[in-house]
Amino acid sequence: SELFYRNMITHSLDGIVLTDQSGSIRYCSPSISKISGYETAQLLGRKIFEFVHPADFQQALGAFDTEMRKESQVNYMSMRLLHANGEWVWCTVRGHNLIDNPVFNAMVIYFTNDSKRKAIEDKLRESEQRFRSLVQNVQMGVTMRDPSGKLIMTNRAAEEMLGMNEEELSCSFENTADWDTICEDGTALAVQDHPVPVSIRTGQPVRGIVLGVYRKKYNDRVWILVNTEPILNEEGRVIYVIC
């Protein structure tokens, strides 16, 4: 049984550290060297906080103290830890207070290398920022809505064109009392027949629809050309609709 658990810990993807109440390291699992580059002998007796990036230090210290009081509401957190090669490595870290457990009598800290996920997350964030910047600066009005019709984003051109702010646009399909949109032939257009709800229902794009939208702000009507593009997931379900 002991051999089984020793092998399981040795080959774990998690590094496991046991500390006392002050954060001094009393035990390191063999798997820690694969993540941190340190041998266990280099870590024993040192404070766990020595390896935390200065920008993450207060967050780590606060989380440790909160877990010591058994008041933690966070299961894990991401922070940078110092690798033996001198580089900072993003890791997912979890702490479990087992000070009162006679077998451990320690704070058990698990951590694993999270660099790849963090790098992908950062790239996605940068990509989204570029996309939002692009959308905000084009002269064409753009809105994006989820399958429930909730507004995800809009740009300045859409707000100016329709005479609505973001809050008004977010509920434009709900305020039917203010709905006054007509087709090109002058007939009234029902809310559910607007290209966006149609794309949400059908999962199909709608192209080249001319609509006359009454603008309450200016007490006039503006004619707009509308195209929609539903974005689908791998299962063919609508994630959101770009209009």
From the residues in region 157-168 that are of a type outside the set (A, V, I, L, M, F, W, C) and surrounded by 16 or more Cβ atoms within 10 Å (Cβ to Cβ), which one is farthest from the chain's Cα centre (by Cα)?
-> Gly163
Would you check if there is a residue in region 47-56 being touching a residue at least 24 places away in the same chain (Cβ under 8 Å), among the aliphatic types (A, V, I, L, M) and in contact with an Asp or Glu (Cβ under 9 Å, 6 or more places away or on another chain)?
-> no
Here are Thr176, Thr154: which of them is open to solvent by less than 50 Å² (accessible area, probe 1.4 Å), closer than 21 Å to Arg221 by Cα, modelled with pLDDT under 95 and not hydrophobic (A, V, I, L, M, F, W, C)?
-> Thr154
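So for region 115-133 (the condition being without any contact (Cβ under 8 Å) to a residue 40 or more places away in the chain, in contact with a helix residue (DSSP H, G or I) (Cβ under 7 Å, 6 or more places away or on another chain) and either of a type in the set (Gly, Ala, Ser) or open to solvent by less than 100 Å² (accessible area, probe 1.4 Å) (or both)), does at least one residue qualify?
First pass over region 115-133, keeping only residues without any contact (Cβ under 8 Å) to a residue 40 or more places away in the chain: 115-117, 119-133.
Right, trim to in contact with a helix residue (DSSP H, G or I) (Cβ under 7 Å, 6 or more places away or on another chain) and you get none.
The answer is no; no qualifying residue exists.
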Of all residues in region 69-91, how many are within 19 Å of Phe51 (Cα to Cα), open to solvent by 40 Å² or more (accessible area, probe 1.4 Å) and either free of Cβ contacts under 8 Å to residues at least 40 places away in the same chain or hydrophobic (A, V, I, L, M, F, W, C) (or both)?
-> 8
If you go through region 225-235, how many residues are surrounded by 13 or more Cβ atoms within 10 Å (Cβ to Cβ) and within 21 Å of Gly186 (Cβ to Cβ)?
-> 1
Please work out which one of (1) among the basic types (Lys, Arg); (2) within 16 Å of the chain's Cα centre (by Cα); (3) over 20 Å from Gly15 (Cβ atoms) is the condition Lys150 fails and give its number.
-> (2)
Count of residues meeting criterion [open to solvent by 50 Å² or more (accessible area, probe 1.4 Å) and either farther than 21 Å from Asn165 by Cβ or under 24 Å from the mean Cα position of the chain (by Cα) (or both)] in region 192-222 | 8
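Of everything in region 1-33 that's part of a helix (DSSP H, G or I) and without any contact (Cβ under 8 Å) to a residue 12 or more places away in the chain, which residue is most open to solvent (accessible area, probe 1.4 Å)?
Within region 1-33, the match that is most open to solvent (accessible area, probe 1.4 Å) is Arg6.
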Taking the residues in region 92-113 that are without any contact (Cβ under 8 Å) to a residue 40 or more places away in the chain and among the polar types (S, T, N, Q) as candidates, determine which candidate is most open to solvent (accessible area, probe 1.4 Å).
-> Asn105
Which of the residues spanning region 34-56 are among the aliphatic types (A, V, I, L, M) and loosely packed, with under 15 Cβ neighbours inside 10 Å?
-> Ala41, Leu44, Ala55
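Of the residues in region 150-201, how many are β-branched (Val, Ile, Thr) and farther than 19 Å from Ile231 by Cβ? Spell out how you get there, then give the answer.
Within region 150-201, the subset β-branched (Val, Ile, Thr) is 152, 154, 176, 181-182, 187, 191, 196, 198, 200.
From what's left, farther than 19 Å from Ile231 by Cβ: 176, 181-182, 187, 191.
Final tally of qualifying residues: 5.
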Show the residue pairs that are 6+ apart or on different chains and have beta-carbon atoms under 6 Å apart, the first residue being within region 210-224 and closer than 11 Å to Glu184 by Cβ, the second being open to solvent by 100 Å² or more (accessible area, probe 1.4 Å) and part of a strand (DSSP E or B).
-> Val210/Leu225; Gly212/Trp223
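The values are calculated or read from the model by the stated rules, or taken from the named source; none is laboratory data. Keep in mind that this is a model prediction, so the values were computed, not measured. As a convention, Cβ positions derive from the backbone with ideal geometry for all residues, glycine included, and neighbour counts pool all protein chains shown. SASA here: full protein model, heavy atoms, side chains in, ligands and nucleic acids out. Shrake-Rupley method; radii C 1.70, N 1.55, O 1.52, S 1.80 Å.
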